[in-house]
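Student: Next up is a structure, given as structure tokens.
What follows is calculated from the coordinates using simple rules that are stated; it is not laboratory data. Quick caveat: nothing in here was measured; it's all calculated off a predicted structure. Reconstructed Cβ throughout: ideal geometry from the backbone, glycine too, with neighbour counts over all protein chains shown.
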Amino acid sequence: MENLLITGGAGFIGSNFVHHILDKYPDCKVIVYDKLTYAGNLDNLQDVADDPRYSFVRGDICDMEFVEDVVQEHKVDGIVNFAAETHVDRSILEPGSFIQTDVYGTHVLLEAVRKFGLRRMVHISTDEVYGSVVEGSSVETDNLLPNSPYSASKAGADLMCRAYHVTYGVPVVITRGSNNFGPYQYPEKVIPLFITNALDDKPLPLYGDGLNVRDWLYVLDHCDAIDLMLHEGRDGEIYNVGSNHELTNLELTETILELMGKPKSLIQFVEDRPGHDRRYSLDSTKIHGLGWRPNHAFENALEGTVRWYTENRWWWEKIKSGAYDNYYERQYGTRRVLTGS
Ligand code: NAD
Ligand code: TDX
């Protein structure tokens, strides 16, 4: 790809992917297209701002006319779509923007790929589309049983990609990744929330019994997989991207506290998330067949992530003091504490 449009490139995974592409491909131009919602942050890209191969366009993926203008103006030949509303708790409070951006916005990008004959689109989906998996692991052909407005919207987008491939032959590849962690992740997601709370000796609000299970994938390993999909994925195919590192939230929290030398008494059990999926688990055999494996050991990557948040207060302190206002009051102001520290 010569001119790659990275939608949602000012967010967590998107900005890590922008760095990955600029580092690895000297001849690739990157156009970040991002609405800059509360989750989009140009601080994530400040170190590439002067790179002549990088440009930034502020725009909404739901704005078809503008998306088409940008695709033409920059001679875009490929798209990687990270743009989405992404936080499950917010989707429970306000589902509308999730349906709009995640489903309708994806359709707009697919239309642009179709209209201008782009070489490839990679759509970033999630393990959450399979719903809760109590036993075994999901394969790409499993039924989708999403349980939250977030995962239902992502499933809608995911299916729209498939339909555009089957109906119009649009060259789109779908990835379904597990829970990511690493630098630049907005501190509403559990790992950065708990690290930054612990740094300030604030309670860590663990939902329900703390025994829900997630599979933790380091963001740079996810970026490697997306890169592989961009170049070697097969059109119309879906690829699970998991790390096989499943932990209960309680195990995860205790590991974070241990790494940080903070007491377990910071753990505070709070009322559960409605419709909280018990477990996600991916069978990633298909992408292993193309040679991808996670390269980062979980504990080292988590330790590096703790270090990054410890050393980069400038990045998260202003986020926590600003964007946390109404949302956090509604979220945590009303969440009942079950057992205290
Ligand atoms: P994020 O919330 O950090 O970033 C989302 C970005 O999209 C932000 O920069 C935001 O400004 C932008 N955006 C939102 N609405 C937009 C719109 N209408 N038009 C243009 N830009 C818009 O999200 P993330 O964690 O980096 O996730 C990126 C993608 O990966 C999402 O599609 C998400 O569903 C998927 N995913 C995330 C994870 C994870 O653990 N974080 C795991 C699997 C899949
Ligand atoms: O304060 C918290 N306490 C808590 O116990 C928060 C924010 C979360 N949790 C639990 C809920 C989940 O079981 O931790 C787990 C992880 O929660 P999140 O970080 O909100 O992630 P999750 O709901 O698993 O979804 C994430 O992974 C898949 C991303 O937000 C999605 O965008 C991605 O698709």
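Student: Find the relative contact order for segment 31-154 and round it to a whole percent, using C-alpha pairs within less than 8 Å whose residues are 6+ positions apart. Can you show the working numbers first?
Tutor: Numbers: 148 pairs, mean separation 32.0, N = 124.
The normalised contact order for segment 31-154 reaches 26 percent.
Student: Between ARG279 and ARG307, what is the label-to-label distance in nm when each label sits 7 Å out along the Cα-to-Cβ direction?
Tutor: Taking the simple label geometry, ARG279 and ARG307 are separated by 3.3 nm.
Student: Could you identify which residue out of ASP221, ASP69, ASP127 has the top mean-square fluctuation in a GNM of the chain using Cα springs shorter than 10 Å?
Tutor: In this elastic network of the chain, the residue with the biggest mean-square fluctuation among ASP221, ASP69, ASP127 is ASP69.
Student: Taking a ≥ b ≥ c as the square roots of the Cα gyration tensor eigenvalues, with a/c under 1.5 meaning rounded and otherwise prolate when a/b beats b/c, else oblate, which class fits the chain?
Tutor: Numbers: a/c = 1.62, a/b = 1.44, b/c = 1.13.
Prolate shape, in that a/c is at least 1.5 and a/b is the bigger ratio.
Student: Also: Near the amide H of LEU338, under 5 Å away, which other amide H atoms are found, from residues 5 or more places off or on another chain, if H is placed in the peptide plane?
Tutor: It is PHE269, VAL270, GLU271, by chain and number.
Student: For LYS75 and LYS264, compute 0.36 nm times the residue count separating them, minus their Cα-Cα distance, and round to one decimal in nm. Intermediate values should be presented prior to the final figure.
Tutor: Values: separation 189, 0.36 × 189 = 68.04 nm, distance 5.34 nm.
Difference between extended and current length: 62.7 nm.
Student: What FRET efficiency comes out for the pair ASN244/ASN143, r = Cβ-Cβ distance, R0 = 25 Å, nearest 0.05? It would help to have the intermediate numbers written out before the result.
Tutor: Values: r = 22 Å, r/R0 = 0.88.
For R0 = 25 Å, the calculated efficiency reads 0.70.
Student: Rank these for me by crowding, LYS29, LYS320, going from fewest to most other beta carbons within 10 Å.
Tutor: Numbers: LYS29 21, LYS320 18.
Ordered by Cβ neighbours within 10 Å, fewest first: LYS320, LYS29.
Student: Next question, about the same structure. From the helices alone, meaning DSSP H stretches of at least four residues, give me the mean residue ellipticity at 222 nm for the chain, per-run term -39500 (n - 2.57), in deg cm²/dmol to the nearest 500. Don't skip to the answer; put the middle values down first.
Tutor: Details: 12 runs with 133 residues, N = 341.
So the helix-based figure for the chain works out to -12000 deg cm²/dmol.
Student: Quick check for me: using +1 on Lys/Arg Cβ and -1 on Asp/Glu Cβ, what's the dipole size of the chain about its Cα centre, in debye to the nearest 20? Spell out each step's value before the answer.
Tutor: Working: 32 positive and 51 negative charges, 49 e Å.
Roughly 240 debye, rounded to the nearest 20.
Student: At a Cα cut-off below 25 Å, give the lysines reachable from LYS189, other chains included and same-chain residues fewer than 8 away excluded.
Tutor: By straight Cα distance, LYS189 reaches LYS35, LYS154, LYS202, LYS262, LYS264, LYS318, LYS320.
Student: May I ask you to sort TYR186, TYR239 by Cβ crowding, counting other Cβ atoms within 10 Å and putting the fewest first? Present the calculation step by step, with values, prior to reporting the outcome.
Tutor: Details: TYR186 20, TYR239 26.
Going from sparsest to densest Cβ surroundings: TYR186, TYR239.
Student: Once both axes come from the Cα atoms, what is the angle between helix 298-311 and the longest principal axis of the chain, in degrees from 0 to 90, rounded to 10?
Tutor: Approximately 80 degrees, to the nearest 10.
Student: Follow-up. Measuring from centroid to centroid over Cα atoms, what is the spacing of segment 102-118 and segment 244-308 in Å?
Tutor: Segment 102-118 and segment 244-308 have Cα centres separated by 33 Å.
Student: Ok, one more. Got a sec? How would ASP60, ASP272 order by Cβ neighbour count within 10 Å, fewest to most?
Tutor: Working: ASP60 19, ASP272 16.
Arranged by neighbour count, lowest to highest, ASP60, ASP272 become ASP272, ASP60.
Student: What residues have an amide H closer than 5 Å to that of ASN179, excluding those fewer than 5 places away on the same chain, when H is modeled at 1.01 Å from N in the peptide plane?
Tutor: ASP215, LEU217
Student: Report the calculated FRET efficiency for ARG58 and GLU135 (r = Cβ-Cβ distance, R0 = 56 Å), to the nearest 0.05.
Tutor: Between ARG58 and GLU135 the formula returns 0.80.
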